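Enquirer: One structure follows; several queries about it will come next.
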Amino acid sequence: MATLDSSRPVRRGRPGYDKESLLRVAVQVFNERGYDGTSMDDLSKKLGITKSAIYHHVASKDELLRMGVDHALDGLFAAAAEATAMPGRAIDKLERLVQASVEVLVERLPFVTLLLRVRGNTEVEQRALARRREFDRLVARLVSEAEADGDIRPDVDPGLVARLLFGMVNSLVEWYRPDGRTGAPELTEAVRKLAFDGLRPPPRAPG
């Protein structure tokens, strides 16, 4: 997994937890209890450290939320940058983006789960939702380009296709477990087949 990043200056860690390990535990608790239902006291008890030790690393609970959702979003936008920079047709870029998004979800599952549960109740959440909408628009543009190229069946709205594609990807957070029988490569290939075998137009009849 890529190293977590923050715009705040790096502080010297306290024994037992550095900023990254503290964030991972905080994200776990946010997912279990809900962000609004989690207090700094809850985090302190889960971590087994004082609140002042938490504040040594971060300024607030909001900062932990921002770092968590940004880790998910940064992975998705990196996948989008990789896919759109590929040579070739829009349908191939779209296919790669869906595959790479599944890979991000598997690699950063707790963070993507947290991202998908934000509702816009805070400024941090509103910013995260705005970035998600930007990502959705990027997907919809690729779908439109692929349809214009004749590589996607023309009888489905591009915006609907984009929402359905990532509805399927996002639903994985509800049941996928890294320690299960299905590995990331099998999961990625299954999503690709289900999505793109159905999206491509049927072959033309001879003659």
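The values are calculated or read from the model by the stated rules, or taken from the named source; none is laboratory data. Please read these numbers as outputs of a predicted model, since none were measured by experiment. So basically every Cβ, Gly included, is an ideal-geometry build from the backbone, and we count neighbours across all protein chains shown. The area values use the complete protein model at the heavy-atom level, side chains included, leaving out ligands, DNA and RNA. Shrake-Rupley method; radii C 1.70, N 1.55, O 1.52, S 1.80 Å.
Enquirer: Calculate how steeply helix 123-148 sits against the longest principal axis of the alpha-carbon atoms of the chain, using the helix alpha-carbon long axis, and give the answer as 0 to 90 degrees to the nearest 10.
Expert: Orientation of helix 123-148: about 10 degrees from the principal axis.
Enquirer: At a Cα cut-off below 19 Å, give the aspartates and glutamates reachable from residue 93, other chains included and same-chain residues fewer than 8 away excluded.
Expert: Reachable aspartates and glutamates: 74, 82, 103, 134, 136, 145, 147, 149, 151, 157, 189, 197.
Enquirer: Sticking with this structure for a sec: So which lysines can residue 19 reach, going by Cα to Cα under 16 Å and dropping same-chain residues fewer than 8 places off?
Expert: Within the straight-line cut-off, residue 19 pairs with 46, 51, 61.
Enquirer: Evaluate the distance, in nm, between pseudo-label points positioned 7 Å from the Cα of residue 156 and of residue 82 along their respective Cα→Cβ axes.
Expert: According to this spin-label approximation, the distance is 2.4 nm.
Enquirer: Something else now. Listed highest first by mean packing, meaning other Cβ atoms within 10 Å per residue, what order do 160-167, 79-86 come in? Intermediate values should be presented prior to the final figure.
Expert: Values: 160-167: 17.1, 79-86: 15.5.
Averaged packing, sorted descending, gives the order 160-167, 79-86.
Enquirer: Taking the Cβ-Cβ separation of residue 20 and residue 134 as r and a Förster radius of 30 Å, what is the calculated FRET efficiency to the nearest 0.05?
Expert: Details: r = 26 Å, r/R0 = 0.87.
That pair, residue 20 with residue 134, gives E of 0.70.
Enquirer: Let me ask something else about it. Find how much the distance from residue 126 to residue 89 grows on full extension, using 0.36 nm per residue of separation minus their present alpha carbon separation; answer in nm with one decimal.
Expert: That works out to 10.0 nm of additional length.
Enquirer: Nearest 10 degrees, 0 to 90: what angle lies between the long axis of helix 19-33 and the longest principal axis of the chain (Cα atoms)?
Expert: Relative to the chain, helix 19-33 is tipped by roughly 70 degrees.
Enquirer: If I take every Cα pair under 8 Å that is 6 or more residues apart in the chain, average their sequence separation and divide by the length, what percent do I get for the relative contact order?
Expert: On the way: 182 pairs, mean separation 42.0, N = 207.
In percent, rounded to a whole number, it is 20.
Enquirer: Give the whole-number value, in cubic angstrom per residue, of the convex hull volume spanned by the C-alpha atoms of the chain. Can you show the working numbers first?
Expert: Numbers: hull volume 27.9 nm³, N = 207.
Hull volume over Cα atoms, normalised by residue count, gives 135 Å³.
Enquirer: Measure off, as a whole percent, the carbon and sulfur share of the 1.4 Å-probe accessible area of the chain, all protein chains present.
Expert: Details: 5730 of 11100 Å².
Carbon and sulfur together cover 52 percent of it.
Enquirer: With everything on Cα atoms, drop me the angle between helix 90-107 and the longest principal axis of the chain, reported from 0 to 90° to the nearest 10.
Expert: Helix 90-107 sits roughly 30 degrees off the main axis of the chain.
Enquirer: Sticking with this one: Which shape class, rounded, prolate or oblate, goes with the stretch 101-207 when its Cα gyration tensor gives a ≥ b ≥ c as root eigenvalues, a/c under 1.5 marks rounded, and past that a/b bigger than b/c marks prolate? Walk me through the numbers before you get to the answer.
Expert: Details: a/c = 3.30, a/b = 1.41, b/c = 2.34.
Note, shape of the stretch 101-207 comes out oblate.
Enquirer: Considering the dipole of the chain built from charges on the beta carbon (Lys and Arg +1, Asp and Glu -1) around the Cα centre, which of 201, 150, 68 is farthest to its positive end?
Expert: The listed residue farthest towards the positive side: 68.
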